[in-house]
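The structure appears below as C-alpha cells.
Please treat every number below as a calculation from the coordinates, not as lab data. All figures in this text were calculated on a predicted structure; none of them were measured in a lab. FYI the Cβ positions are ideal-geometry reconstructions off the backbone, even for glycines, and counts take in every protein chain you see.
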Amino acid sequence: MKVLITGGAGFIGGNFVHYMLNKYPQYEIFNLDYLTYAGDLTKHKEIEKNNNYHFIKADISDHEVIIDLFNKNHFDYVIHFAAESHVDRSIADPGIFIQTNVRGTQILLDAAKNASITKFVHISTDEVYGELDFDPDTFFTEETHLQPNSPYSASKASSDLLVRAYHETYNLPINITRCSNNYGPYHFPEKLIPLTISRALNDEKVPVYGTGENVRDWLHVYDHCAAIDLVMHQGVIGDVYNVGGHNERTNLDIVKTIIKELGKSEELIQFVQDRLGHDKRYAIDSTKLKKLGWRPEYNFETGISQTIKWYLDNEKWWKEIISGEYQTYFEKQYKIHF
Ligand code: NAD
Ligand code: TYD
C-alpha cells in the first residue's frame, strides 16, 4: 500500500507519519512537504532509515512536479494535510493561503483524478463553518453551512468545495475531515497552547486576545490521527466527517491552566488587542464519526499535562524554532499589542 502524506513535516501530518509507520509497518509512506517555516524534519530523525519511509521536498502548487510525481508512483491513498495554517498570518497576508490551500489542493486533485487512487482524504477544519455563539447546546454538524470568516478559513472552505466538486464531477473517491483545534507534541509555537507554554517557561508575557472569552474545542493530535485512520479505511466515499474532542475551554482558561501547571504567576498574562474578525466559539458534533467507531482517548486534563511534559522534555526542538525567523514574525505580529 502506497500512501502519500502531504504536509508530513508539520504538526499534525508529522504525527500522522509516525502513527502510520507504527500501526502499518507494511505500508510505504511518502511524505511530501515544501518545508516552509512550519515544516521541519528533525521530528523524523528516527524514521529516516526506515525503508518504508520516503521524503519528497516539493511544493503542492507546482503543477509539473506534482503531475510527474503521480505519473512515476502509483499511490493508493493521498492524505492531504499540507497548508498554510495560521489565522493571524492569513490576516496579515492572505495571498499565500490562496496559492497553497486552494491552488495547491486543486493541483493535487488533478493529479489524483488521473491516477486511479483508492481514496483522497482532505484534512480540513471546523473553521469553515464560521463561528457559534456561546450557547453551550449548539454545535457544528456536517450539515452546518460553510460561513468562513478569516482568509485562512475561506481558503480551506474553497479547497473543501473543490474536493467535493472533483468527487461529483470526476467520481474521485474522497473524504473530507473537519476537526477542531489540535494540541500535542510538535505543535508549532505560534499557536495558543505551545506559545503559552514556551513563553511562560521563559517568564515572558503571554498575549491573550481581547477578553480571553473566546472558546475552542481541543482535540489531542493522537486522537485526530486515529480518526483519520478510521476515515481513510472505513469512511463512506464522498462523505464529510467532523472530528472534535468535546473539550471546550475559553482561551483564558487554557492559559491559566498551563501557567498553573508550570508553577508560574498569572501576572504573565497580558490582555492585548483582539484578533480581527475573531470567531467567538467553535464546538464540534462528532456523532457521525462515533457511529463509525471513533472514540477520543484523551480528556483535556490528561492531554494537556502530557503535552506540557513533552515541551519540558523537548526544549531543544522549540527553542531552536523560536530563535530563528520566528522572532521577526513575533515582533511584527505582536508589536501593536505590547
Ligand atoms: P502546520 O502549519 O503545522 O504544517 C503544515 C505543513 O505543510 C508544513 O510542514 C509545511 O511545510 C507544509 N506546507 C506548507 N505549504 C506547502 C506547500 N506549498 N507544499 C508542500 N507542503 C507545504 O499545520 P498543521 O497544524 O499540522 O495542520 C495540518 C492540516 O490540518 C492543515 O490542512 C490545517 O488546515 C488542518 N487543521 C489544523 C488544525 C490545528 O489545530 N492545527 C485544526 C484543524 C485543521
Ligand atoms: P490559534 O492557536 O491561533 O488557533 P485558531 O485561531 O485556529 O483557533 O488560536 C486559538 C485561540 O487563541 C483563538 O481564539 C485566538 C487565541 N489566541 C490568543 O488569545 N493569543 C495568541 O497569541 C494566539 C496565537 C491565539
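For H246, H18, what's the fewest-to-most ordering of other Cβ within 10 Å of each Cβ?
H246, H18
Over the Cα atoms of the chain, what radius of gyration and what Dmax do you get, in Å?
Cα radius of gyration and Dmax of the chain are 19.2, 57 Å respectively.
When the convex hull of the C-alpha atoms of the stretch 1-126 is computed, what volume per residue in Å³ does it have?
Cα convex hull per residue, to the nearest whole number: 104 Å³.
Could you size up the charge dipole of the stretch 105-225 around its Cα centre, putting +1 on the beta carbon of Lys and Arg and -1 on that of Asp and Glu, and report it in debye to the nearest 20?
580 debye
Can you tell me the alpha carbon radius of gyration of the stretch 189-338 divided by the globular rule-of-thumb value 2.2 N^0.38 Å?
1.16
Report, in degrees rounded to the nearest 10, the 0 to 90 angle that the Cα long axis of helix 63-72 makes with the longest principal axis of the chain.
It is inclined by approximately 50 degrees.
State the number of lysine pairs found in the stretch 1-153 whose Cα atoms come within less than 20 Å, restricting to pairs 8 or more positions apart or on distinct chains.
Total qualifying Lys-Lys pairs in the stretch 1-153 comes to 16.
So if the hydrodynamic radius of the stretch 80-229 is defined as the Kirkwood radius over C-alpha pairs, what does Stokes-Einstein give as its diffusion coefficient at 37 °C and 0.692 mPa s, in µm² per second?
Rounded, D is 194 µm²/s.
Can you list the chymotrypsin sites (Phe, Trp or Tyr not before Pro) in the stretch 79-132 that are in a DSSP coil and have 12 or fewer other beta carbons within 10 angstrom?
none
When a footprinting reagent is the concern and you count Cβ atoms within 10 Å, what order do D285, D33 take, fewest first?
So the residues, fewest neighbours to most, are D285, D33.
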